[in-house]
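Q: Shown below is the structure under consideration.
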Amino acid sequence: MTILFTETQINGMRLSNRFVRSATWSAMAAEDGRSTLQLVNLLTKLAQGGVGLIITGHAYVRQDGQAGPNQLGAYSDELIPGLRDMAQKIHDHGGKIVLQASHAGFFANSKVTGITPIGPSALEGMVKAPRREMTHQDIRELINAFGAAAMRAREAGFDGVQIHAAHGYLLSQFLSPKLNRRSDEYGGAIGNRARVLLEVFRAIRGAVGRDYPVLVKLNSQDFVDGGLTLEDSVQVGLMLEDEGIDAVELSGGLLISKESGSIRKGIISEDREAYFKDEARAFKEKLSVPLILVGGIRSFQVAERLVKDGVADYLSMSRPFIREPDLINRWRAGDLRKSTCISENSCLTAAMGGEGIYCVTEKNRQENP
Ligand SMILES: Cc1cc2nc3c(=O)[nH]c(=O)nc-3n(C[C@H](O)[C@H](O)[C@H](O)COP(=O)(O)O)c2cc1C
């Protein structure tokens, strides 16, 4: 039996295999962030398809933190019944589900929210639309919003919560020296830039308790000049480990990192797969909490090698599951051919076009065999 299908657990959350569906905004929630039948059906297919752990798309913890249309929300108790139904359906099909809690910061979509986006710094001259630098009061309120959203996830029956601190959204903005120009205790050295994230973690831990899985998605590097470095990111990982984080999902890149971003194109050969594996090695040298690696994993053999070589404990994928929700069952049944995802990102275009996410290539193939 391959190590990929052995049972493991993360702070009591029992997982039947080492495959994770990385958080994926699917543009299928209602306009006000409520869960919908379409979204629940999409996630249910993943549970039926054998994915060990499903992480929801980023769910905004406060209305001013919404990044895009039809994004899942976790900002109000009124959203709990829809979230409860989602968690229940996944459990009915033997899956596990974690809510990704997020605030988009100055990448919030003001056309959708009607509110001037906030962030660690106003970044005058760097961004076109106005941004507002957060006050200490804003920071306190933000921390509380994360704590409250995590509590809602627990109340709704989710198996855990993941803090989104990657890809240039608000907590990643604080970590990044390129985007965080503050001179108070939240800016400057990495201990300061990580302060908000640590305070968010403590608020969440305080709300949900020690026995509830709390994960983080973290940039290993920003891959832009003057951005978060690998060395600093490892420091953040160590600080979170000291505080009691249950697992780190390692990604990289900002929304502005272009071809070095988090969702890279052209993963057509094994050597291009797992494009944050070198960074994962650096993490594994220093950290002992479970490491979930994301980014361009496409082959069973590559996935198995990453775990056997101690580079990662879990393998996380997004685009392959948009094309093949039953990929894990296919692999489990012995068909070990790699994912048919060609990583050209038209799924993202579909989501942005308001159609809800789907694999455009697969649809074209089916329509024009
Ligand atoms: C359509 C789409 C939506 C995404 N939404 C999120 C999200 O909500 N939160 C997040 O952390 N990452 C998000 N990502 C990034 C993925 O989780 C993942 O890090 C990235 O796609 C690399 O993995 P892959 O090569 O397996 O696709 C999204 C990616 C795609 C393609």
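Q: Kindly state, to the nearest 0.05, the FRET efficiency for R305 paired with D85, given R0 = 41 Å and r defined as their beta-carbon distance.
A: Values: r = 39 Å, r/R0 = 0.94.
For R305 and D85, the calculated efficiency is 0.60.
Q: Report the dimensions of the range 132-192 along its three principal axes from the alpha-carbon atoms, largest first, rounded to Å.
A: Answer, in whole Å and largest first: 40, 24, 21 Å.
Q: While we're here: Using only DSSP helix segments of four residues or longer, with each worth -39500 (n - 2.57), what per-residue ellipticity at 222 nm results for the chain after dividing by its residue count and rounding to 500?
A: Numbers: 14 runs with 132 residues, N = 369.
About -10500 deg cm²/dmol.
Q: Could I ask something else about it? Using the Karplus curve 6.51 cos²θ - 1.76 cosθ + 1.60 with θ = phi - 60°, what ³J(HN,Hα) values do you get for each residue of the range 104-117, in whole Hz, with x for Gly and Pro?
A: Rounded to whole hertz, the list is 7, x, 7, 9, 5, 8, 5, 5, 7, 8, x, 10, 4, x.
Q: Cα centroids of the range 1-59 and the range 300-334: how far apart, whole angstrom?
A: Cα centroid of the range 1-59 versus Cα centroid of the range 300-334: 14 Å apart.
Q: Sticking with this structure for a sec: Roughly how many nanometres apart are two label points built 7 Å out from the Cα toward the Cβ at D92 and I3?
A: Result for the modelled spin labels: 3.7 nm.
Q: Please report the carbon-and-sulfur percent of the accessible area for the range 38-134; probe 1.4 Å, protein heavy atoms only, DNA, RNA and ligands left out. Please list the in-between numbers first.
A: Numbers: 1750 of 3720 Å².
Taking all protein chains in place, the range 38-134 shows 47 percent carbon and sulfur surface.
Q: Please tell me the relative contact order of the range 1-148 in percent, rounded to the nearest whole number, where contacts are Cα pairs under 8 Å and at least six residues apart.
A: On the way: 269 pairs, mean separation 31.3, N = 148.
It comes to 21 percent, rounded to a whole number.
Q: Right, another one. I'd like to know how the range 215-369 sits against the 2.2 N^0.38 Å rule of thumb: what's its Cα Rg over that expected value?
A: 1.10
Q: Here's a follow-up. Which ³J(HN,Hα) values in Hz, rounded to whole numbers, follow from the phi angles of the range 236-248 under the Karplus curve 6.51 cos²θ - 1.76 cosθ + 1.60, where θ = phi - 60° and Gly and Pro get x?
A: 5, x, 5, 5, 5, 4, 4, 7, x, 5, 9, 6, 10
Q: Over the range 124-253, consider all pairs of different Cα atoms and compute the Kirkwood hydrodynamic radius from their mean reciprocal separation; express it in Å, one decimal. Spell out each step's value before the answer.
A: Details: mean 1/r = 0.0665 Å⁻¹.
Taking the inverse mean of 1/r over all distinct Cα pairs, the range 124-253 comes out at 15.0 Å.
Q: Around I10, with a cut-off of 13 angstrom between Cβ atoms, what is the net charge of the other residues, counting Lys and Arg +1 and Asp and Glu -1?
A: Working: positive: R14, R18, K96; negative: E7, D159, D211, D246, E249, D313.
Once positives and negatives cancel, what remains is -3.
Q: Determine, for each peptide in 179-192, 247-260, the mean count of other beta carbons within 10 angstrom over its residues, then list the peptides with the highest first.
A: Working: 179-192: 15.5, 247-260: 21.4.
Averaged packing, sorted descending, gives the order 247-260, 179-192.
Q: Compute the projected area of the convex hull of the Cα atoms of the chain, averaged over all viewing directions, and report it in nm² to one decimal place. Mind showing how you got there, number by number?
A: Values: hull surface 67.7 nm².
Result: 16.9 nm².
Q: Could you work out the relative contact order of the chain? I mean the mean sequence separation of Cα pairs under 8 Å and 6+ apart, divided by the number of residues, in percent. Spell out each step's value before the answer.
A: Numbers: 811 pairs, mean separation 59.0, N = 369.
Dividing the mean separation by the residue count of the chain yields 16 percent.
Q: Right, something else. Using the Kirkwood radius over Cα pairs, work out the Stokes-Einstein diffusion coefficient for the range 247-332 at 20 °C and 1.002 mPa s, in µm²/s as a whole number.
A: 160
Q: Right, another one. How would you order 306-319, 2-15 from highest to lowest mean count of nearby Cβ atoms within 10 Å? Before the final figure, lay out the partial values.
A: Values: 306-319: 20.4, 2-15: 15.1.
My ranking of the peptides, most packed first, is 306-319, 2-15.
Q: Same structure, new question: Give me the accessible area per residue for the range 73-225, probe 1.4 Å, as a whole number in Å².
A: On the way: 5670 Å² over 153 residues.
Heavy-atom accessible area per residue stands at 37 Å².
Q: So, counting K/R as plus one and D/E as minus one, what does the shell of residues with Cβ under 10 Å around I292 add up to? Don't skip to the answer; put the middle values down first.
A: On the way: positive: R18, K217; negative: E249, D313.
Within the 10 Å Cβ shell, the charges total 0.
Q: Then there is this: Taking the highest mean first, how do the peptides 326-337, 58-69 order by number of other beta carbon atoms within 10 angstrom per residue? Walk me through the numbers on the way to the answer.
A: Numbers: 326-337: 15.6, 58-69: 24.4.
Peptide ranking by packing, descending: 58-69, 326-337.
The values are calculated or read from the model by the stated rules, or taken from the named source; none is laboratory data. Given the structure is predicted, the values throughout are model-derived calculations rather than measurements. Note that we place each Cβ from the backbone using ideal geometry, even for glycine, and neighbour counts take in every protein chain shown. Heavy atoms of the whole protein, side chains included, go into the accessibility calculation; ligands, DNA and RNA do not. Shrake-Rupley method; radii C 1.70, N 1.55, O 1.52, S 1.80 Å.
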